[in-house]
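Reviewing the structure listed below.
The values are calculated or read from the model by the stated rules, or taken from the named source; none is laboratory data. Nothing here was measured: the structure is a model prediction, and the numbers come from that model. Cβ coordinates were reconstructed from backbone atoms using ideal geometry, including for glycine residues, and neighbour counts include every protein chain displayed. Note: areas computed on protein heavy atoms with side chains; ligands, DNA, RNA excluded. Shrake-Rupley method; radii C 1.70, N 1.55, O 1.52, S 1.80 Å.
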Amino acid sequence: MKVQLRNPARELDVPGPIAVTALLARLDLNRESVLVIADGILIPNDAMLPDDATIEIRPVISGGAT
Amino acid sequence: MKCRVCRGPAIIDVRRHNANFCADHFLRLCRDQTAKAIKEFDMIRPGERVLVAVSGGKDSLACWDILLDLGYDVDGLYIGLGIGDYSDASGDAARRFAVARGRTLHEVDLPRDYGYDIPGGARAARRVPCSVCGLSKRHLFDQAALDGGFDVVATGHNLDDEAAVLFGNTLRWQTEYLGRQLPVLPARPGFPRKVKPLVRLGEREMAAYCVVRGIDYIVDECPMAEGNRHLGYKEALNAIEATSPGSKHDFYFGFLARASAHFRPEAEAEQETLRACPQCGAPTTSDGVCAFCSLVDRAGGAVPVHLRPRGAADPATVPG
Ligand code: SF4
Ligand SMILES: [Zn+2]
Ligand SMILES: [Zn+2]
C-alpha cells in the first residue's frame, strides 16, 4: 500500500491490509492531527485499508501565530 | 462507523462530540456550529457587510464558504505577503475560490503596494516573521474594512487556534493579551468589529469540511511557520485531546465563561491610551507613528516612486 505524507512530502510502502487506526499508530501520528484521504474522499478511522490502496495522510495543523 | 443523525455510513469521527457523521450531516454540523457561535456572541447582524480575511488556507476558505451558505453578504480580502511559492499558491487558491463562488476578492500586495515582503520586513524590524506578518495583516484588514464600508471583519480562527493562543498566553501570564482574547472585538473608532465565527469548530473539522466540499485549499505550510511556538502548543494540546476528548473546548470556553472577565480591565485601560497615528490615522498606543507605519518606514525601502506626468500637480499624498 502506498502512503503519501506531507511536510516534507514523501511516500512510504506499508503492507496491507491494515486498519486506519493501526496505520496511524504505527507511523506514530495523532489521529487529532491528520486526515486520511483516498481519491479525494475521507476515509473513516475504522476502515480497513487493502494492500493495493493509495492513500494520503494529510496534516491538519497549521501555524501562524497571529 | 455510523452517522449519529441518519445511521448511514459515516466519513468522520468528531470525538469531542462523541459522534460520527456522514458527509451531509457533517456539513450541517459545521454550519450549525458556526451559526451558533454567531448567535451566542452576537457576531454578525442581518444586513451587515462582512469582509473575510482570506489566506488561501482551509480555515479562511471554509469560513467564507460557510458564511455564504448561511446567507451573509461576504467579500474576501487577500494579502500577498511576498513569501515565494507559498504566496503564489495561496493567492491562486483564494482567487479560484472567489471565482467558483462568484464573489469579490479584494487584494493588497505587500511588495507591490508597500515595498516590503515578510522576510525583508522581519529583518528590517528585527522581529520574527509571524509578528511582522500579524501586525501587517491586522493593519491592512482594518484599513480595507473601513475604506470599503464593511461592518465586520471575519477571520478563520478555529478552536485549535484559540486554544493554542490561550495556552501560550497563560503559560507566560500575558494578562493584557488574555483580556483581549475574545471571539468578538467590538468596533471602536478606527477599528471595525472583528469576529471569529469558527471558534466552535476544530482544525481537523475545517480540513475535513474543505475535503468534503471539494475546496482546493493550500495544504502546504507557510515556510515561516516552521518551528514556531504556536505549532508546538497545538501539538501539546492534541496530545491531551487524544486521551481526553473535549479538553480544548473546555479550556477555551471555560476561559471565556469564567476567567476572561478578570483580565478585561487591564486590556480596556490600554485602549484608553490610544491616539491617532500622525502618518496614517490608525489608532496606536505609540507616541510616534503606529507600528505599521514604522515598519513601512524601515522596511519599505523599495516603495514604488510614483512618477507623475510632466506638468501634473504635486499629489497631496503619495498613494501607499
Ligand atoms: S506562518 Fe507566520 S509568516 Fe506565515 S502566514 Fe502565518 S503568520 Fe504569516
Ligand atoms: Zn447522516
Ligand atoms: Zn500609521
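Some observations on this one:
- Residues that are open to solvent by 10 Å² or more (accessible area, probe 1.4 Å) and within 15 Å of the chain's Cα centre (by Cα) do occur in the range B:81-100, at least one of them.
- Residues satisfying the stated conditions in the range B:140-167, i.e. open to solvent by 10 Å² or more (accessible area, probe 1.4 Å), in a helix (DSSP H, G or I) and within 19 Å of residue B:108 (Cα to Cα): B:141, B:142, B:143, B:144, B:146, B:147
- Matching option when the condition is assigned to a loop (DSSP other than H, G, I, E, B), farther than 30 Å from residue B:136 by Cα, open to solvent by 50 Å² or more (accessible area, probe 1.4 Å) and of a type outside the set (Lys, Arg), among A:44, A:15: A:15
- Residue check for residue B:32: open to solvent by 20 Å² or more (accessible area, probe 1.4 Å), within 16 Å of ligand 2 (Cβ to nearest atom) and not polar (S, T, N, Q): yes
- Enumeration of residues in the range A:17-33 that are more than 8 Å from chain B (Cβ to nearest Cβ) and of a type outside the set (S, T, N, Q): A:17, A:18, A:19, A:20, A:22, A:23, A:24, A:25, A:26, A:27, A:28, A:29
- Boolean, residue B:299 is open to solvent by less than 40 Å² (accessible area, probe 1.4 Å) and in contact with a strand residue (DSSP E or B) (Cβ under 6 Å, 6 or more places away or on another chain): no
- The range B:118-130, residues that are within 9 Å of chain A (Cβ to nearest Cβ) and surrounded by fewer than 16 Cβ atoms within 10 Å (Cβ to Cβ): B:128
- Residue in the range B:108-125 that is under 30 Å from residue B:48 (Cα atoms), modelled with pLDDT of 95 or more, of a type outside the set (Val, Ile, Thr) and away from ligand 3 (no atom under 16 Å from the Cβ) present: yes
- Selection of first residues in the range A:49-61 that are away from every other protein chain (no Cβ under 14 Å) and of second residues that are basic (Lys, Arg) and part of a strand (DSSP E or B), restricted to Cβ pairs under 7 Å at least 6 apart or on distinct chains, gives the following pairs, ordered by first then second residue: A:54/A:2.
- Filtered residues of the range B:49-82 (kept if under 12 Å from residue B:108 (Cβ atoms), in a loop (DSSP other than H, G, I, E, B) and not aliphatic (A, V, I, L, M)): B:82
- Listed here are the helices (runs of 4 or more DSSP H) enclosed by the range B:194-301 that have at least 3 residues being within 16 Å of ligand 2 (Cβ to nearest atom): B:203-213.
- Criterion applied to B:48, B:40 was being open to solvent by 40 Å² or more (accessible area, probe 1.4 Å) and within 28 Å of residue B:182 (Cα to Cα), and the one residue passing it is B:40.
- Within this structure, residue A:35 passes the test of being under 19 Å from residue B:245 (Cα atoms), within 10 Å of the chain's Cα centre (by Cα) and at pLDDT 95 or above.
- The range B:191-214 - residue that is open to solvent by 10 Å² or more (accessible area, probe 1.4 Å), over 16 Å from residue B:249 (Cβ atoms) and out of contact with any Asp or Glu (no Cβ under 7 Å at 6 or more places or on another chain) and, of those, farthest from the other protein chains (Cβ to nearest Cβ): B:194
- Check on residue B:6, open to solvent by 30 Å² or more (accessible area, probe 1.4 Å) and either on the phi < 0 side of the Ramachandran plot or within 16 Å of ligand 3 (Cβ to nearest atom) (or both): yes
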